[in-house]
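K.L.:
Following this message is one structure expressed as structure tokens.
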Amino acid sequence: MSMINKEIKDFKVQAYHEDEFKTITKEDILGKWSVFFFYPADFTFVCPTELEDLADKYEEFKKAGCEVYSVSCDTHYVHKAWKDASDRIKKIKYPMIADPTHALAKDFKVYIKADGIAERGSFIVNPEGKIVAYEVNAGNVGRNADELFRKVQACQFVAEHGDEVCPAKWQPGADTLRPSLDLVGQL
């Protein structure tokens, strides 16, 4: 079953952000674009490479009006310990959400019950709190922050220009497509 246009459930979680423990709720994400970036666990192998890649791109996400939330089933205390111990994770400026009860992982359908961890899932959530794009990867395949950012930009573009669609490899400023009955008949 597709997650597109699914409104995320109300939530209240702890996060480690800006060297503090903070509470984040659904109310905090409404009214702006968000990325929920699920990963299996702190102190692992592929995860720090992905989170560092995302940290390197974070300012561009912010300039585009999009907040990034990394999410694992670890506690906020483990997030702090990992950030204290890892040079890669020290680069992170975005909130690191703790999901030890698995509520978010279950809502986004990335929870692996047998292992107590989340799949690698990237979810773009619009300002109304609805999922508009997502991708779930196998645990041994890392993601690319540049491509995730491109997808955020494309989702923002089509939300603003409802009669246009973005073709493969679309970049801001590139041509878009305007579906019409004439064009559909040629396909």
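K.L.:
Condition (residue is modelled with pLDDT under 95 and not hydrophobic (A, V, I, L, M, F, W, C)) applied to segment 125-139: is it met by at least one residue?
P.N.:
Checked against the condition, which is being modelled with pLDDT under 95 and not hydrophobic (A, V, I, L, M, F, W, C), segment 125-139 yields at least one hit.
K.L.:
Ok, one more. Tally up the residues in segment 59-86 that are touching a strand residue (DSSP E or B) at 6+ places or on another chain (Cβ under 6 Å), assigned to a helix (DSSP H, G or I) and among the aromatic types (Phe, Trp, Tyr), please.
P.N.:
1
K.L.:
Is it the case that segment 153-163 has a residue that's in contact with a helix residue (DSSP H, G or I) (Cβ under 8 Å, 6 or more places away or on another chain), under 26 Å from PRO48 (Cα atoms) and touching a residue at least 60 places away in the same chain (Cβ under 8 Å)?
P.N.:
no
K.L.:
Moving on to the next point. Looking at GLY121, GLY116, which one is out of contact with any Cys (no Cβ under 8 Å at 6 or more places or on another chain) and not aliphatic (A, V, I, L, M)?
P.N.:
Testing whether each residue is out of contact with any Cys (no Cβ under 8 Å at 6 or more places or on another chain) and not aliphatic (A, V, I, L, M) leaves just GLY121.
K.L.:
Another question about this same structure. Which of the residues that make up segment 1-56 are assigned to a loop (DSSP other than H, G, I, E, B), charged (D, E, K, R) and open to solvent by less than 30 Å² (accessible area, probe 1.4 Å)?
P.N.:
ASP42
K.L.:
OK, next. Looking only at segment 140-154, how many residues end up being surrounded by fewer than 18 Cβ atoms within 10 Å (Cβ to Cβ), touching a Lys or Arg at 6+ places or on another chain (Cβ under 8 Å) and assigned to a helix (DSSP H, G or I)?
P.N.:
Counting residues in segment 140-154 that are surrounded by fewer than 18 Cβ atoms within 10 Å (Cβ to Cβ), touching a Lys or Arg at 6+ places or on another chain (Cβ under 8 Å) and assigned to a helix (DSSP H, G or I) gives 1.
K.L.:
Say we look at segment 109-139 and pick out the residues that are charged (D, E, K, R) and in contact with a strand residue (DSSP E or B) (Cβ under 7 Å, 6 or more places away or on another chain); which of these is surrounded by the most Cβ atoms within 10 Å (Cβ to Cβ)?
P.N.:
Looking at the filtered set, the residue picked out is ARG120.
K.L.:
Answer yes if at least one residue in segment 101-108 is of a type in the set (A, V, I, L, M, F, W, C), open to solvent by 40 Å² or more (accessible area, probe 1.4 Å) and over 17 Å from VAL152 (Cα atoms), and no otherwise.
P.N.:
Yes, segment 101-108 contains a residue that is of a type in the set (A, V, I, L, M, F, W, C), open to solvent by 40 Å² or more (accessible area, probe 1.4 Å) and over 17 Å from VAL152 (Cα atoms).
K.L.:
Now a separate question. When MET96 is evaluated against the numbered criteria (1) open to solvent by 20 Å² or more (accessible area, probe 1.4 Å); (2) within 14 Å of the chain's Cα centre (by Cα), which criterion, by number, is the only one it fails?
P.N.:
Exception for MET96: condition (1).
K.L.:
Before we move on, is CYS73 without any contact (Cβ under 8 Å) to a residue 40 or more places away in the chain and either in contact with a helix residue (DSSP H, G or I) (Cβ under 7 Å, 6 or more places away or on another chain) or open to solvent by less than 10 Å² (accessible area, probe 1.4 Å) (or both)?
P.N.:
Spelling it out, it is not the case that CYS73 is without any contact (Cβ under 8 Å) to a residue 40 or more places away in the chain and either in contact with a helix residue (DSSP H, G or I) (Cβ under 7 Å, 6 or more places away or on another chain) or open to solvent by less than 10 Å² (accessible area, probe 1.4 Å) (or both).
K.L.:
Got a sec? Which of LYS109, LYS93 is in contact (Cβ under 8 Å) with a residue 40 or more places away in the chain, under 19 Å from ALA15 (Cα atoms) and of a type in the set (Lys, Arg)?
P.N.:
Of the residues listed, the single one that is in contact (Cβ under 8 Å) with a residue 40 or more places away in the chain, under 19 Å from ALA15 (Cα atoms) and of a type in the set (Lys, Arg) is LYS93.
K.L.:
Further, regarding this structure: Search segment 125-136 for residues that are farther than 13 Å from VAL35 by Cβ and pair each with any residue that is surrounded by 15 or more Cβ atoms within 10 Å (Cβ to Cβ) and among the aliphatic types (A, V, I, L, M) when their beta-carbon atoms are under 7 Å apart and the residues are at least 6 apart or on different chains.
P.N.:
Every condition considered, the pairs that remain are GLY129/ILE8; GLY129/ILE29; VAL136/VAL110.
K.L.:
Shifting gears a bit: Within segment 30-60, take every residue that is hydroxyl-bearing (Ser, Thr, Tyr) and in contact (Cβ under 8 Å) with a residue 40 or more places away in the chain and give me the one that is farthest from LEU104 (Cα to Cα).
P.N.:
So the residue we want is THR49.
The values are calculated or read from the model by the stated rules, or taken from the named source; none is laboratory data. If you're wondering where the values come from, they're calculated on a predicted model, not measured in any experiment. In this analysis, Cβ positions are derived from the backbone assuming ideal geometry, glycine residues included, and neighbour counts consider all displayed protein chains. The area values use the complete protein model at the heavy-atom level, side chains included, leaving out ligands, DNA and RNA. Shrake-Rupley method; radii C 1.70, N 1.55, O 1.52, S 1.80 Å.
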